[in-house]
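*Asks:* Let me begin by handing over the structure; questions about it come next.
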Amino acid sequence: MVSRKKGALFVVSAPSGGGKSTLLRKVISQLPGVSISISYTTRPPRSEERDGVDYFFVSHREFIDMVSDGKFIEWAEVHGYLYGTPRANLEKLMQGEDLILEIDTQGARKIRQEFRNGVLIFILSPSLEVLGERLRARGGDTEEAIQARLQYARKELDQVAWYDYIVINREIEEATKELTSIIIAERCKAARVLEGIGGKYGKNNG
Ligand code: 5GP
């Protein structure tokens, strides 16, 4: 049987408050064979967040020890806290499952350098005003933290040009459809399918 051998690696970046988590949850509920990598962070959990589900919440010391032990594929400081993608999560790819890394533009740049086949997708809010409204509606952040996140979002916008895809999150159903379509299209890329076929269509397999 012809099947893909390795899973595809996706990076999804969006300014926080861009609706990325809701969108990704919808995508994985509709599309089998894809999962989201859970990062480690030194940021304290928000009220609705759970350890091991949204993030693995660790102390600064624990995080630095993991860095020294080479446990992360990439890590970065964002809004004064450390965030990192554990190397162990890449095992999903070897099992043929697609993996989404929900990381910032610094992390995306590192993944682009190390994993040439990685697909970079940026989720854009319709405007910074809408982003500000969404951040306030989410609650839990002070006005100062919200302003810092908006400032960071402005900086991130300069990075969007080197992403492979941009999804504008005007309306959740439409954005879910676009993101799902990108993943499905990438699965059908000739290079990926041919890598999976390998010997099955080789000279000796008639
Ligand atoms: P938040 O604190 O709102 O959950 O996330 C803040 C930012 O950190 C978001 O842009 C998010 O994508 C990014 N982020 C989350 N996990 C990681 C990670 O493992 N690596 C990097 N580089 N960024 C991350």
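*Asks:* Assign unit charges at the C-beta atoms only (+1 for Lys and Arg, -1 for Asp and Glu), then state the dipole size of the chain relative to its Cα centre in Debye, rounded to the nearest 20. Please list the in-between numbers first.
*Replies:* Details: 30 positive and 29 negative charges, 184 e Å.
Using Cβ point charges on Lys, Arg, Asp and Glu, the chain gives about 880 debye.
*Asks:* Once you list every other residue whose beta carbon is under 12 Å from the beta carbon of ILE38, what net charge do they have if Lys and Arg are +1 and Asp and Glu are -1? Please list the in-between numbers first.
*Replies:* Details: positive: ARG50, LYS92; negative: GLU49, ASP51, ASP54, GLU102.
It works out to a net charge of -2.
*Asks:* In the Gaussian network model of the chain, springs joining C-alpha atoms below 10 Å, which of SER39, SER16, SER29 carries the largest mean-square fluctuation?
*Replies:* SER29
*Asks:* Keeping the other protein chains in place, figure out the carbon and sulfur percent of the accessible area of the range 77-120, with a 1.4 Å probe. Can you show the working numbers first?
*Replies:* On the way: 1000 of 2200 Å².
Ligands and nucleic acids excluded, carbon and sulfur reach 45 percent.
*Asks:* Could you point to the residue in LEU93, TYR163, VAL193 farthest towards the positive end of the chain's charge dipole, with +1 and -1 charges on the Cβ of Lys/Arg and Asp/Glu respectively?
*Replies:* Working it through, the farthest residue towards the positive pole turns out to be VAL193.
*Asks:* Computed over the Cα atoms of the range 107-204, what is the ratio Rg over Rh, Rh following Kirkwood? Intermediate results must be reported in sequence, preceding the final value.
*Replies:* Details: Rg = 18.5 Å, Rh = 16.3 Å.
Ratio value, two decimals: 1.13.
*Asks:* For a paramagnetic label modelled at 7 Å from the Cα of SER35 toward its Cβ, which residues of the range 45-66 fall within the zone defined by backbone nitrogen distances under 19 Å?
*Replies:* Counting only backbone N, you get 50-57.
*Asks:* Do the sum for the chain: with -39,500 (n - 2.57) for every DSSP H run of n ≥ 4, divided by all residues, what is the mean residue ellipticity at 222 nm, to the nearest 500 deg cm²/dmol?
*Replies:* Values: 8 runs with 84 residues, N = 206.
After summing the helix terms and dividing by the residues of the chain, the value is -12000 deg cm²/dmol.
*Asks:* Quick check: residue separation of GLU173 and GLU133 times 0.36 nm, minus the Cα distance between them. What number comes out in nm? Mind dumping the intermediate values first?
*Replies:* Numbers: separation 40, 0.36 × 40 = 14.40 nm, distance 1.95 nm.
Extra length available between GLU173 and GLU133 comes to 12.5 nm.
*Asks:* Sticking with this structure for a sec: Mind checking which of GLY84, GLY118, GLY140 has the largest fluctuation in a GNM of the chain, springs on alpha carbons under 10 Å?
*Replies:* GLY140
*Asks:* Further, regarding this structure: Multiply the residue gap between ARG50 and MET94 by 0.36 nm, knock off their C-alpha separation, and tell me the result in nm, one decimal place. Intermediate values should be presented prior to the final figure.
*Replies:* Working: separation 44, 0.36 × 44 = 15.84 nm, distance 2.72 nm.
Length difference between fully extended and current span is 13.1 nm.
*Asks:* Could you order VAL67, VAL160 by accessible surface area, starting with the largest, using a probe radius of 1.4 Å? Numbers along the way, then the final one.
*Replies:* Working: VAL67 45, VAL160 15 Å².
Solvent-accessible surface, decreasing: VAL67, VAL160.
*Asks:* Looking at the chain, how many pairs of lysines come closer than 17 Å at the Cα, when each pair is eight or more places apart or spans two chains?
*Replies:* Total qualifying Lys-Lys pairs in the chain comes to 10.
*Asks:* Ok, one more. Evaluate 2.2 N^0.38 Å with N set to the residue count of the range 1-130, then give the Cα radius of gyration divided by it. Walk me through the numbers before you get to the answer.
*Replies:* Numbers: Rg = 15.0 Å, N = 130, 2.2 N^0.38 = 14.0 Å.
In units of the globular-protein estimate, the range 1-130 measures up at 1.07.
*Asks:* If r is the Cβ-Cβ distance from ARG43 to ASN117 and R0 is 41 Å, what FRET efficiency results, to the nearest 0.05?
*Replies:* Working: r = 30 Å, r/R0 = 0.73.
Calculated transfer efficiency: 0.85.
*Asks:* In nanometres, what is the gap between the two model label sites at ASP69 and ASP164, each 7 Å from Cα along Cα-to-Cβ?
*Replies:* 3.2 nm
*Asks:* Picking from THR142, THR42, THR105, which is most flexible by a Gaussian network model of the chain using Cα springs under 10 Å?
*Replies:* Checking each option, the largest mean-square fluctuation is seen for THR142.
*Asks:* Taking only C-alpha pairs under 8 Å that are 6+ residues apart, what is the relative contact order of the chain in percent?
*Replies:* On the way: 291 pairs, mean separation 68.5, N = 206.
This gives 33 percent for the chain.
*Asks:* What ranking of ARG116, ARG50 comes out by heavy-atom accessible area, probe 1.4 Å, highest first?
*Replies:* Details: ARG116 180, ARG50 150 Å².
If we order ARG116, ARG50 from most to least accessible, we get ARG116, ARG50.
The values are calculated or read from the model by the stated rules, or taken from the named source; none is laboratory data. Because the structure is predicted, anything quoted here is derived from the model rather than measured. Don't worry about glycine lacking a Cβ; one is built from the backbone with ideal geometry, like all the others, and counts go over all protein chains shown. Only protein heavy atoms, including side chains, enter the accessible area calculation; ligands, DNA and RNA are left aside. Shrake-Rupley method; radii C 1.70, N 1.55, O 1.52, S 1.80 Å.
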